[in-house]
Amino acid sequence: MDLLERKTYLDDLWGFLAQASRGHGCMLLLGGEAGVGKSALVQEFMRSAEPQARVLIGACDPLSTPGPLSALHDMSDGLGQEVMRHLRASAPQFALFRSVLIALRELPPSVVVVEDAHWADEATLDLLRFLGRRVGDVPVLVIVTYRDDETGPDHPLRRVAGELASQAAVRRMALRPLSQPAVAHLAARSNLDAVELFHLTDGNPFFVTEVISVGEARLPETVRDAVLARAAHLASTARSALDACAVIGSPIEPWLLEALGFDAASISQCIAGGMLFSGGSAFSFRHELARQAVLEAITPIARRELHRRVLAALRTRFPVDAARLAHHAEAADDAAAVLEFAVVAAKQAASASAHRQAAAQYDRALRFAPEQPAEIRAELLKRKAHECFVTAQPLDALEAVDQEVSILQHLDDVRGLGDALARKSRILWNLGRNQDAEESLRSAIDLLETLPPTKELADAYSYRAGLLMLAWQSEEAIVWGERALEIAEPLDETEVIVRSLNNIGSARTTFDAERGEAELRRSLALAIEFGLEDHASRVYSNLGSSLCYRYEFAAADAVLDEGLAYTAEHGMDELRSYLLGWKAWVLKHQGRWAEAAALAQDLLAEHTVSPTRRIVALLVRGHIHLRQGDPQAGEYLDEALALAGQTAEPQRLAPVRAMRAEAAWLRGDLDSVRDEVRSIYGQVEQTKVRWNIGELAYWLWRAGDLTARPAHSFEPFDLQMTGEWKAAATWWRRLGCPYEAAVALADSDDEAALRYAFAEFARLGAQPMMGMVTRNLRALGATTLPRGPRPTTIVDPDGLTAREQQVLELIAAGQTNAQIATALFISPRTVAQHVSSILAKLDVSSRQRAVERYQARHSPI
C-alpha cells in the first residue's frame, strides 16, 4: 500500500535529523490512535535514513506486567559494551542512563526509536525523562511512538510528557487519520464504496487497509473479523505459526519459532500475506490489534499449550527474561514456573525503580501460591505490601499486610507478627486511621518486648517515634527514637538508623531547627548512600514540610525540587504526591496562586492520593478561594476538616482551623473565629510549635479574645498583634509572602501604605481584602479611592480569562510556552493548560488560528 499524506511528517523528521547531525538533538513524541500508521511512518523514515544515520530501535512489550527497560535491551547491541555491562549487572539507574547518554554522544548521528511507549514500564519512562532533559546537545533524534487514545490524563506517559513540556529539545507530532480522498485512492482497485469506507473507518489506515485486504463488497462488522478473514487465506502450517507468533508477542525471534517447530517457509507466507513483517533480527505483527485478534481466536486449551511450549523454549536461553517468562507461565497455568519467575521479575523491577511492576509481579506470584508453605506466602505478602505502599496503593498494601498478620498468627511467629503489626501502623496512619495505627503499634511493641532486643523491636520503637513526631509530641518522639538507635547501632542496622534519625530530626526541628535539620541531612545522606529509596524520599518530605511550617520558603523550594526529582527517578509515587502538595503550599504563600491552585487540583484529581496527603492540597485550594472571595472555599475547607479530624493530629488540624478562622474574619463573623481557634488552641499550645501557636493567637487577637500573648510565637504575628504593622510587613516580605505583607500594611492608618496594600491585593485578585482596604481609606477621608479592574476589562466576549488573554498576547508576539512561562512567572505546564483552554474557547486547532480569530473579533470596526 502507498504511504499517503505523510510527506509533511517525513519532511519534519528529516529536519529534526538534520539538526541532530549538527549536534542539536531532539526527542519527538509521536502520538496517534491505534492503527493510524505511526510504525509505518517511522519504518519509512528509518529505511531512507539508514545510509546517513545509525538506527536503533526498541519496543515496549504489551505483557500483563512488563519487564523493566525492554526497549533498551532491544537496542543495547548498538549502544556498546558499557551499556550492555550495566544492563547485565542491574546497575543503578543513573549509572546506566549515563552510559546510554555517553554512548549516544560518541556514536555518529543516530536515530533512536522507542516504539509503543504507552506500554512502557516505569524504568523506561525514567529513561525517557532522563534523555528528554539532556538530548539537546547530543547528535541523536529520539522518536517515541505511543497511542494517544490509550494515554488518558492519569496515564504515566502523560505525566512524563508534562514534565518534559518545558524542554526546548522535546517536540510533539500528532499523526492524523487519512482524508476521504486518500481513502478513495486506496480503495480504487477494490469493489468497496470509498465514501462508505471512509465514514465507517474514519480514515484509520489500519482499518482501511485491513478491510480492503479482505476484498469483500461489504465492510465486516469488526476489525477482528477483517484480520481473521485475512489470516484464513494462510496454509494450515502458516496459520499455526501465526497463532504461535500471537502468543509469543513482541519480539518474535526466529530461534524461538524454530524451537517451536515452525520453518522459514511458514513465516515467509505470513509475511507475504501481510500479517507479519521482518524487523531485522525479529518479526512483528504489522499491528498489535491484529495480534490481539489472532490471539483471541485461539481456543483456550490450544492457547495454554502454546504458552507452555514458549515457556519451555525460553527457559533454555540465558540470561532469562524473568518478566516475560512469568507472563507465559501464568498463561500456561504453570504455578511452579510463575512462582519461580514472578518473584525474580519483581526483584528486578524493584531494583530498576519500577515499583508498580514489582507489586504486580508479587500479586501474580500470590495468585499461584495457595498451596505454598505459610512462611513463603507471608514473605510474598510482606513484599507486595511494601511495593503497594510506596506506589500510593495503601488499600492494597493494607489488604496484603492483614493477610500476612493472619498467617503469622497461625504460625505463632512472635517476631514476624510484631514486625508486621509495626509496618501495618504506618499504612493505617497513611489512611488517616491514627487510632488504629496506635493500637497496631502498641500490640507490636508488646509482642517484641517479650524477646531479646532485635531489629524488629528497634523498628517498632522507630515507628513509635514517627507517630509521636507527627502528633507534635516532639520530646517524647526523640526519646523513642533514641531507644531505637540504642538497639540498632550495635546491630549495625542501617535502615533502622536512617528511619530513627529522620524521626528524631523531624521532631527536633519544632524547637531546635538547626540541630534537627542536621540530623535530617545525616539521615538523607545515609539513605542515599545505601540505596534506601523509600527512606530518602521520606526525609525529603519531612525536611520540606518542616521548612514550610517554619515559613522558610526559599529553602523549602530547593529541598522540594530536589525531592521531586528523586522520587520521580525512583518511582516513589506516594511520597512524590506529598512533596507536590507542599510545593503547591510554597507557591500559595509566594503569591503564585494560579500555579498553586492548578497543582493542587491535579493532586485532588488523583484518586490514589491518601487522606493525609489530600489535606494539603485541599488547604491550598481552599485558602486561595477564600482569599479571592470565592464561596467554593467552604467545600474544600469542610473536607479538609473532616479528614484532619480523623487523624486528630494538631499538625493537620491547626492549619485547617486557622484558615476557617480567617474565612470567618473576612465575612465579619468574630464568634466563629473564636470557636474555630478555641477548638484546637489549647492542644497546639502544649506542643510549643511556635509558628502555629502564633498564627492561632493572631486570629484570637483579631476576634478580641486573646487574654495574654503566648510564650511561644512567631515574630511577624507578634509584631502585628502589638501594632507594629510596618515591621511585620517587612518580615513577611523577607519571607516572600506578599499577601501576608499586604495584610500587615492594611492595619496601618497611613494612606500610602494602604494604597500599596490595595495594589497587592488587586494583583492577587484578593477581593475581600480589597474591599476592606477601600473602607479603611474612606475612613481616613481619602478623596480618590482605588478601583479594581473594570468589568469591561475582565469579561471577554470569547470567555477568555485575564490570564488567558495575557498568554494569547504573548503567543501573538511569537513566544514559545517556555518563554511565556518565564514572562508570567508560571510553569510551562500551566501555560500549556492555558493554551489548550484558549484553543477550545476559540474553537480553533492551532496557535496561529487562535491569534487570527482573536484579532478579528477584537479589532476596531
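The values are calculated or read from the model by the stated rules, or taken from the named source; none is laboratory data. Computed from a predicted structure; not experimentally measured. We place every Cβ from the backbone using ideal geometry, glycine too, and count neighbours over all the protein chains shown. Note: accessible area is taken over every heavy atom of the protein model, side chains too, but ligands, DNA and RNA are not part of it. Shrake-Rupley method; radii C 1.70, N 1.55, O 1.52, S 1.80 Å.
Could you check how much of the accessible area of the range 593-703 is carbon and sulfur, as a whole percent, using a 1.4 Å probe? The C+S portion of the solvent-accessible surface of the range 593-703 is 47 percent.
Modelled this way, with points 7 Å down the Cα-to-C-beta line, the labels at Asp843 and Glu399 are 4.7 nm from one another. Each Lys or Arg adds one and each Asp or Glu takes one away; over the other residues whose Cβ falls under 11 Å from the Cβ of Leu735, this sums to 0.
Once both labels are positioned 7 Å from their Cα atoms along Cα-to-Cβ, the gap between Ala272 and His199 label points is 3.9 nm.
Taking amide H as placed 1.01 Å from N in the peptide plane, Val55 has its amide H under 5 Å from the amide H of Val111, each at least 5 places away in sequence or on another chain. Other residues whose C-beta falls under 15 angstrom from the C-beta of Val55 contribute a net charge of -3, scoring Lys and Arg +1 and Asp and Glu -1.
Based on the alpha carbons, how large is the Rg to Rh ratio for the range 356-481 when Rh follows Kirkwood? My calculation of the ratio gives 0.99. Remark: the range 760-777, residue by residue, has Karplus-estimated 3J(HN,Hα) of 5, 5, 5, 4, 7, x, 8, 4, x, 6, 4, x, 5, 5, 4, 5, 5, 5 Hz, where x stands for each Gly or Pro and the curve is 6.51 cos²θ - 1.76 cosθ + 1.60 at θ = phi - 60°. Counting only DSSP H runs of at least 4 residues, each contributing -39500 (n - 2.57), and dividing by the residue count of the chain, the helix-based mean residue ellipticity at 222 nm comes to -21500 deg cm²/dmol.
Round to a whole angstrom and tell me the spacing of the C-alpha centers of the range 322-354 and the range 426-460. Computed from Cα coordinates, the inter-centre distance equals 32 Å. Close Lys pairs in the chain (alpha-carbon distance under 14 Å; sequence gap of 8 or more, or different chains): 5. Calculated translational diffusion coefficient of the range 395-452 (20 °C, 1.002 mPa s; Stokes-Einstein with Kirkwood radius over alpha-carbon pairs) equals 191 µm²/s.
Over all other residues within a Cβ to Cβ distance under 13 Å of Ser278, the charged ones net out to +1, with Lys and Arg as +1 and Asp and Glu as -1.
Rolling a 1.4 angstrom probe over the range 150-298 with all protein chains present gives an accessible area of which 51% lies on carbon and sulfur atoms. Note on Arg85/Gln601: beta-carbon distance plugged into 1/(1 + (r/R0)^6) with R0 of 56 Å gives a FRET efficiency of 0.80. Based on C-alpha pairs under 8 angstrom that are at least 6 apart in sequence, the range 387-532 has a relative contact order of 15 percent. Using C-alpha pairs under 8 Å with a sequence gap of at least 6, the mean separation divided by the residue count of the range 1-139 gives a relative contact order of 35 percent. Surface analysis of the range 1-58 yields an accessible area of 46 Å² per residue, using protein heavy atoms and a 1.4 Å probe. Backbone amide hydrogens, once placed in the peptide plane, bring Met27 within less than 5 Å of Val142, Val170, Arg171, excluding anything fewer than 5 places away on its chain. For the pair Thr237 and His73, label points projected 7 Å from Cα toward Cβ lie 3.1 nm apart. Largest first, the extents of the alpha carbon coordinates of the chain on the three principal axes equal 94, 89, 50 Å.
Mean sequence separation of contacting Cα pairs (under 8 Å, at least six apart), scaled by the length of the chain, corresponds to a relative contact order of 7 percent. Annotation: extensible slack from Thr784 through Arg367 equals 142.5 nm (criterion: 0.36 nm per residue apart, minus Cα-Cα distance). Note on the range 165-204: semi-axes of the ellipsoid equivalent to its C-alpha gyration tensor, largest first and rounded to whole Å, are 33, 9, 5. Think of a 1.4 Å ball rolled over the protein heavy atoms: the range 611-726 then has 38 Å² of accessible area per residue.
Subtracting the Cα-Cα distance of Ser351 and Glu449 from 0.36 nm times their residue separation leaves 32.0 nm of extension gain. Beta bridges from DSSP with both residues in the chain: antiparallel share about 15 percent, rounded to the nearest 5. Can you give me the % of accessible surface on the range 82-124 that is carbon or sulfur? Probe 1.4 Å, all protein chains present, nothing else counted. Reported share for carbon and sulfur atoms: 58 percent. Using the Cβ-Cβ distance between Ala525 and Thr8 with R0 set to 60 Å, the FRET efficiency from 1/(1 + (r/R0)^6) comes to roughly 0.70. Each residue of the range 676-687 was assigned a 3J(HN,Hα) from its phi angle through the Karplus curve 6.51 cos²θ - 1.76 cosθ + 1.60 (θ = phi - 60°); the sequence is 4, 6, 5, 5, 9, 4, x, 5, 5, 4, 5, 6 Hz, with glycine and proline shown as x. Taking the average, over residues, of other Cβ atoms within 10 Å as the packing measure, peptides 662-668, 499-505 rank 499-505, 662-668 from highest down. Per residue, the convex hull around the alpha carbon atoms of the range 1-154 comes to 120 Å³. Report, in degrees rounded to the nearest 10, the 0 to 90 angle that the Cα long axis of helix 633-647 makes with the longest principal axis of the chain. So the helix axis and the longest Cα principal axis differ by about 90 degrees.
Stretching Ala302 away from His410 to a fully extended chain increases their span by 34.8 nm, per 0.36 nm per residue minus the current alpha-carbon distance. Annotation: peptides 457-466, 146-155, 266-275, ranked by per-residue average of other Cβ atoms within 10 Å with the highest first, follow the order 457-466, 266-275, 146-155.
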